[in-house]
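A short worksheet on the structure shown next.
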Amino acid sequence: MPPTADADALLALVRAYAAACDARDADALRRCFTTGATLTVHWSDRPASTLVLPDAAGPITHSLGRYDRTDHVVGDHRAEIDGDTATGVTHCVAHHVHGATDHVMTIRYLDRYRRTPDGWRIETRDLHEDRAETRPVDD
């Protein structure tokens, strides 16, 4: 079992990422990553794409702005901590609402974390879109 304080801090980091995405807060998103971190999105229907953080935080939040709202619901999170590094798996259901539709993605994040003087940060994040569907939004 990982030390409780570190496990709690890593879960808080994962939740901070989700909250920053939903709030379109590029500064908060930048604070989730180490300098030079990578975010690789493994789409279910097209080639993977890689972004380098923290520079890509603005484009990410700008891209999310095309939706009326997003809701990233963090589910199961597991972490293996080894000193000042850790790996983790997080499951998330992300709703992307635009008009009368909700594009729902089931996401699995595979992360590598590093402890910095400012706390735990994401060093690499592989986002796997395991499933996606578009649903109507009820009025």
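We did not get these values from a lab; they are worked out from the coordinates using the rules stated. Because the structure is predicted, anything quoted here is derived from the model rather than measured. Positions of Cβ are generated from backbone atoms using ideal geometry, with glycine treated the same way; all protein chains shown enter the neighbour counts.
What to note about this one:
- DSSP finds beta bridges in the stretch 4-136, and of those with both partners inside it, around 90 percent are antiparallel.
- For the chain, relative contact order (Cα pairs under 8 Å, six or more residues apart, normalised by length) works out to 24 percent.
- Exposure proxy ranking, count of Cβ atoms within 10 Å, fewest first, for Y113, Y67: Y67, Y113
- Taking the number of Cβ atoms within 10 Å of each Cβ as an exposure proxy, the fewest-first ranking of R46, R135, R15 is R46, R135, R15.
- Which of V41, V73 has the fewest Cβ neighbours within 10 Å, and the rest in rising order: V73, V41
- Cα gyration tensor shape of the stretch 1-137, rounded if a/c is under 1.5, else prolate or oblate by comparing a/b with b/c: prolate
- Net charge dipole, the stretch 1-96: roughly 340 debye, given to the nearest 20, about the Cα centre with Cβ charges of +1 for Lys and Arg and -1 for Asp and Glu.
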